[in-house]
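Notes follow the structure.
The values are calculated or read from the model by the stated rules, or taken from the named source; none is laboratory data. Since the model is a prediction, treat every value here as computed from it, not as a measurement. As a convention, Cβ positions derive from the backbone with ideal geometry for all residues, glycine included, and neighbour counts pool all protein chains shown. Ligands, DNA and RNA are excluded from the accessible area calculation, which covers all protein heavy atoms including side chains. Shrake-Rupley method; radii C 1.70, N 1.55, O 1.52, S 1.80 Å.
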Amino acid sequence: MRFSASIASGCPSLARRVILHLDMDCFYAQVEMIRNPELREKPLGVQQKTLMVTCNYVARKLGVNKCMSIREAREKCPQLVLVSGEDLTHYREMSYKVTGLLEEFSPRVERLGFDENFIDITELVEKRLRDPQCGGAMEASGHVYNQQVPDASDWTHQRLIVGSQVAADIRAAVYSQLGLTGCAGVASNKLLSKLVSGTFKPNQQTVLLPESCSCLINSLNHVHRIPGIGYKTAQRLEALGLGSVSALQSCPITVLEKELGAAVAHRIQMLSRGEDDSLVTPTGPPQSLSEEDSFKKCCTVSDVSAKLEELLRLLLSRLSADGRSAHTLRLTIRQFTPTNKYFNRESRQCPIPVKVAQSRSGSAAVVSALMELLMKLFEKMIDVKMPFHLTLLNVCFSNLKASRSSASSRCSIGFYLTQKKLSKPLRKDSESLRSVSDTAMAPSCTPHTACPQGTEPNVGFAMDCKESVDGDAVSSLPKSVDVNVFSQLPVELQKELMSEWKNQKITPKIQTKKFQDKGKTSKGQRSSAASHPNSLLKYFKPN
DNA sequence: CTGGGCGAGT
DNA sequence: ACTCGCC
């Protein structure tokens, strides 16, 4: 009884969500200024090859913008200080520190690149609304989009206003603990929170109230500015005369379906109206690790071999820190072509023999075994007896699995369910959730009833509930769980379930079928970052 | 003188 | 294996 009641009442309906988008200011430049504070007052650009990928705000005042070529940036600003940003190590580490810190506020954190995160703060907001100590004055923190005046008697306004206060707290925590500034947007879905976060930059925040939604979405000059509509889709829309947001909004769906297919058509028309029902999906640890390098010319086998070995060693080092083992190896190349230089990438992949995958990453035997595989993959694409001209090499480890030593004993669900006491109090909600998803490679995946996402998130448990005499769902403990369903449950319920499984010494079956999108695709195992003991290294707490 | 990553869908 | 999306 307890469970079904909690599940039914605890899941926020899609329309009542409060979503936060946090976008770090000129992220790579900030990291470089932390590494070398003397750079703070100078115009600073971060360089990758011939491109300045970002720059600090001192440089921006002098007319420099991100993604300018180095030549152009130097022309506009001769005093510009450039640092190399081709090694992503420091950015990656800081990026995961940010995500880790955000996960202390809510386990529902989704990464978007290295410098952006979505956080579903619905439950935090509701907690504050219930807390009498936080009651009273309803003033937004930061900007309100369109200078709309909130209506204190409007519940939706109240939730978003409280959301803006949560956002301010979170930004303050990121600054005090990591020294980073960023912009936040608060709205009722991911699309709107992302769009609104950029309205005041840098180091500011904006909340969007529903009445100003159309103002925000119609302020976009072109459909390409809508996140989710990329270059290709925008071009096809343009060809249909649908370059403007308003044209896309009012286009007959049949026209869109004919050009783009039903799924994309529906999705982008929703987006054009500011509607976005996608969930904040906890990102967890990366599903692949890759290293790449681009260059003007590489045309000998020995040069290829040397470059691949360097990439491989970097990757093995990262894989070792991650604590998982890789079971697929992929090589991507780009060959020189005078025209259309940037899109002719080809790749070949192969399994990594279990013996190699599970041996210690540092050993020379592993390096040579993987180098042999890489050169075989290379020769599947390039006839080495003929002249060739490469401009890029990428090595990627994917199909990452928890390795035996690290994961199964300490981090499996069995660990949590059989231990008398947890090593940590379950306060860190994210950790209990992680331990569940960590065992997601269990092969027995029973498909569950599909349903449109967000409408009835408890359906993943439905098979375990019986009808009782009085017609109420009976309080049987679910014995199977979809990772993605579980992760979207209220944190309190997650904890309750974990604790109850533990008490009853039950090991629930894990399903990994993706809950949304009518279950047509599997996301594969979706284990969360901190579930891996060694992955925790990425989440250092600041001193 | 257009990086170096990531994930999802097909 | 490839396309498309995001930063």
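Put a dot 7 Å past each Cα toward the Cβ at A:Asp87 and A:Thr339; how far apart are the dots in nm?
Result: 4.1 nm between the two label points.
Under 8 Å for C-alpha pairs, at least 6 residues apart: give me the relative contact order for the stretch A:155-290, rounded to a whole percent.
On the way: 151 pairs, mean separation 26.7, N = 136.
Answer for the stretch A:155-290 is 20 percent.
If packing is taken as the average count of other Cβ atoms within 10 Å, what order do A:180-186, A:323-329, A:363-369, A:237-243 fall into, highest mean first?
Packing proxy ranking, top to bottom: A:180-186, A:323-329, A:237-243, A:363-369.
Using a 1.4 angstrom probe, figure out how much accessible area the stretch A:56-126 has per residue, in square angstrom, rounded to the nearest whole.
Working: 3160 Å² over 71 residues.
Per-residue value: 45 Å².
Size of the stretch A:17-147 along its principal axes in angstrom, Cα-based, largest extent first?
Projected onto its principal axes, the Cα set of the stretch A:17-147 covers 56, 34, 25 Å.
Please work out how much length the chain gains when fully extended from A:Glu257 to A:Gln147, using 0.36 nm per residue of separation minus the C-alpha to C-alpha distance, in nm with one decimal.
Values: separation 110, 0.36 × 110 = 39.60 nm, distance 3.72 nm.
Extra length from A:Glu257 to A:Gln147 when fully extended: 35.9 nm.
Report the label-to-label distance for A:Lys376 and A:Ile70 in nanometres (one decimal), using points 7 Å from each Cα along the Cα→Cβ vector.
3.9
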